[in-house]
Structure formats: C-alpha cells, structure tokens
C-alpha cells in the first residue's frame, strides 16, 4: 500500500501466524502480488471497509482477488 499524497508505504506479508505489517517496502521481498495506491485517507477507509477497492480513488495492480480475500479475512 502506498499513499499518493505523501511518501508513506506499507507492506503486508502473510506469515504462519497471520498477517505482518511493515512500514515501507520489505528488503529482499519477491515481487508484490498486489499493490494499492491511493490517498492516505482513502487507504484508511479501505482498511475499515468503508470504500471498496474498485472505488474511483484506488489504483490496484496485480492480483485483485488476493486484495479482496485479504480484506474479507483480516480483522482491523
């Protein structure tokens, strides 16, 4: 996830025990499977399921089904 109105970026990685959040890109990570770019406010609303990922404010690249799965199965 990357904010278009700043330099903030976050990486979410699936681990054996759940999801792990990291500020910024992860060194040595294999290519991202899905990326989301939007304003920080819209990313926040996406995480809280207040805006859908196909909303006008999001640029989603990669596996959109993975993003949908993550949103449906990760508690905030």
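Determine whether residue 14 is within 13 Å of the chain's Cα centre (by Cα), at pLDDT below 85, surrounded by 11 or more Cβ atoms within 10 Å (Cβ to Cβ) and outside any loop (DSSP other than H, G, I, E, B).
On the way: within 13 Å of the chain's Cα centre (by Cα): yes; at pLDDT below 85: yes; surrounded by 11 or more Cβ atoms within 10 Å (Cβ to Cβ): yes; outside any loop (DSSP other than H, G, I, E, B): yes.
So residue 14 passes the test.
Out of the residues in the stretch 33-76 meeting the condition of being touching a helix residue (DSSP H, G or I) at 6+ places or on another chain (Cβ under 7 Å) and in a loop (DSSP other than H, G, I, E, B), tell me which one is modelled with the lowest pLDDT. If we take residues in the stretch 33-76 being touching a helix residue (DSSP H, G or I) at 6+ places or on another chain (Cβ under 7 Å) and in a loop (DSSP other than H, G, I, E, B), then 76 is modelled with the lowest pLDDT.
Being out of contact with any helix residue (DSSP H, G or I) (no Cβ under 9 Å at 6 or more places or on another chain) and closer than 15 Å to residue 67 by Cα is the filter here, so list the residues in the stretch 1-17 that pass it.
11, 13
Considering the stretch 18-32, and only residues there that are under 18 Å from residue 65 (Cα atoms) and not in a strand (DSSP E or B), the residue that is modelled with the lowest pLDDT turns out to be 31.
The values are calculated or read from the model by the stated rules, or taken from the named source; none is laboratory data. Nothing here was measured: the structure is a model prediction, and the numbers come from that model. Note: ideal-geometry Cβ built from the backbone for every residue, glycine included; neighbour counts use all protein chains shown.
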